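> Please find one structure pasted underneath; my questions will follow.
The values are calculated or read from the model by the stated rules, or taken from the named source; none is laboratory data. Keep in mind the model is a prediction, meaning the values are calculated, not measured. All Cβ positions, even for glycine, are placed from backbone atoms using ideal geometry, and neighbour counts span all protein chains on display. SASA here: full protein model, heavy atoms, side chains in, ligands and nucleic acids out. Shrake-Rupley method; radii C 1.70, N 1.55, O 1.52, S 1.80 Å.
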Amino acid sequence: SLSLSLSLNTKRSLQCFLNLSLSLVTRRLIAFKKWMKANGVDCSDALDLLEDQNDAVSVKASRDLKEGDVVANISKTACLTVKTSGAREMIESAELDGPLALSVAIMYERGLGEESPWAGYLQILPFQEDLPLVWPLEDLDSLLSGTEIHKDVKKDHGLVYEDWEENIVPLTSLLPENVDPGSFGIKEYLAAKSLIASRSFEIDDYHGWGMVPLADLFNHKTGEEDVHFTAELPHSESDSEVDESDNSDAASEATDEEDEPSGKNSTSPEQSLEGENTDEEAKEQEEEDSSVLQDDVSSLEMIMVKNVPAGAEVYNTYGLIGNAALLHRYGFTELDNLYNIVNIDLDLVTEWSTSSFTTLYTRARLSLFKKLGYNSEYFEVSPTGEPETELLMLLNILLLPDNTYNKLDQTGDCVSKEGREITIGKHKVVFGESCSSDVLLTDGVCEALLAIVDKRESLYGTSSSFEEDVARVESCVLPRDRRLYHSLMLRVSERRILEKLRSNVRERLGEVSGGKRRKKMNSKILARA
């Protein structure tokens, strides 16, 4: 009876917890819907906003939706941008722009709490999106080592910290009393950056990029866009300097912001003569901008681009991108993503070459490669395991017999067709012109590729094999193992492509799958490839 009593108590406790969670979910959504109604965001009753136990919001069709249906109208004044934020004057005085400026706007409004005009909207958003940008460094090294994004994300971290120290910290002394200075900490800045990277939209020339309520609640599905966000952009070129037109990563944002010249503190003699008019001009500009905000009655729309049946989730799309970009920019991966790729860095090819030949030999061949018009720092391997042609060109140059290399190098004629032409087997190959991979995949190149693929895979470490990684993905429990799961998904997708490349090369060499690898060729044999 004691066991039965404990079981009943456990069930009651669980039910109470679920009821409380559902109550909180309901209150959050109700508050957001009230906010939308009061701020010019018209959401069709054909859309259902749903929130799960993990506070994640999704959008489903409450009835059949047809292509061309307008399911949302969003007033531009409801969008959180630099122009609409209460932090505008402070941002413009500090000469900030782009994602950095929008981050300040978000932190400022969050710091206002319930006093913010966007309080009802901000409370429906997560504090941050779980992008690698916000992960601790130990997680980056343990989970992402060897992947496409490991080095880039670590670089992002450094740049974001520099941004915060140089541009955000000085603003805390300028905050009004009703803004919590704690909202401008490094964690808060990273959180704001993560929301911008994963949720912001380009609105128009005047507003630039901003947070668009409701539009940012639709989940992504690669190549499966159901609804499309439309913004009325003038034909004139955009004045916005935001470099996130493709939701680019935080590293490029930070770099562009640091390199942006301010120009406002340097005045010529002619400008000094006009100094007395500066305040008046600034006032006129402020009045003009205020007029733009008041007069702009245009709205943003969410339009169905395909039919969606009742009960199905309605998806937006961030583009046709692989898991590396998805995890880097948005914090998740997709199973069976058809747009995954792997890059092989030039450094890996150089490392292989110097281990097979001399450093001097490698440098000379790389110099010829660049002289012939190639300048790639990395080479793409397609989802089907096909190496980029430029990589095959480089490997052929590295494996050229000395007499052929000397002929190319000594002529110095890399412009005429004759000066760029060599013979591979029975085929004439002209560097800089298209060529079949079958011609470029000589035995020597195939052996080199297998060695380079081994080097690329070694970057993941020796802690687990490909098969073990697959098993670990299947054993992950979401959302508890979210970071581990998506990191493993990325690694598995990359290793699968590398294995496809191996298989393609071995097939080219005539080896049976699982057969014995050829022994590494020595440099003399390679030179005769």
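> With r defined as the distance between the Cβ atoms of ARG480 and VAL305 and R0 fixed at 25 Å, what FRET efficiency is calculated, to the nearest 0.05? Could you put the intermediate results ahead of the total?
Values: r = 35 Å, r/R0 = 1.41.
The computed FRET efficiency comes out at 0.10.
> Starting from 0.36 nm per residue, how many nanometres of slack lie between GLU467 and LYS151 once their C-alpha separation is accounted for?
Going from the current span to full extension adds 111.3 nm.
> Leaving out ligands, DNA and RNA but keeping every protein chain, what accessible area does LEU335 have, in Å² rounded to the nearest 10, with a 1.4 Å probe?
Approximately 120 Å² of LEU335 is accessible to the 1.4 Å probe.
> Let me ask something else about it. Accessible area of TYR485, 1.4 Å probe, to the nearest 10 Å²?
40 Å²
> To continue, here is another question. Which entries of LYS221/LYS306; LYS33/LYS193; LYS83/LYS193; LYS60/LYS221; LYS154/LYS193; LYS455/LYS500 show an alpha-carbon separation above 22 angstrom in the structure shown?
With Cα atoms farther than 22 Å apart: LYS33/LYS193.
> I would also like to ask the following. Provide the gained length on full extension for the span TYR161 to LYS370, in nm with one decimal, where the gain is 0.36 nm per separating residue minus the Cα-Cα distance. Let's see the in-between values first.
Values: separation 209, 0.36 × 209 = 75.24 nm, distance 3.58 nm.
Stretched fully, the TYR161-LYS370 segment lengthens by 71.7 nm.
> Hey, if we sort TYR189, TYR339, TYR206 by accessible area with the 1.4 Å probe, largest down, what's the order?
My answer, sorted largest first, is TYR339, TYR206, TYR189.
> Something else now. Of all GluC sites (Glu not before Pro) in the range 39-127, which ones are in loop regions per DSSP and have a Cβ with at most 16 other Cβ atoms within 10 Å?
Listed in order of number, the matching sites are GLU67, GLU95.
> How high is the FRET efficiency between VAL439 and SER298 when r is their beta carbon distance and R₀ equals 51 Å, given to the nearest 0.05?
Numbers: r = 56 Å, r/R0 = 1.10.
That gives a FRET efficiency of 0.35.
> What nm distance separates the two modelled labels at LYS33 and LYS407, each placed 7 Å from Cα along Cα→Cβ?
Distance between label points: 7.8 nm.
> Out of the range 431-463, which GluC sites (Glu not before Pro) are coil in DSSP terms and have no more than 11 other C-beta atoms within 10 Å?
Hits after loop and neighbour filter: GLU433.
> Just subtract the alpha-carbon distance of ARG508 and LYS60 from 0.36 nm times their residue separation and send over the number in nm, one decimal.
Going from the current span to full extension adds 156.4 nm.
> Counting only the heavy atoms of the protein chains, how much of LYS34 is accessible to a 1.4 Å probe, in Å² to the nearest 10?
That residue has around 140 Å² of solvent-accessible surface.
> For THR384, THR362, THR354, write out the residues from largest to smallest accessible area, computed with a 1.4 angstrom probe and no ligands counted.
Descending accessible area places them as THR384, THR354, THR362.
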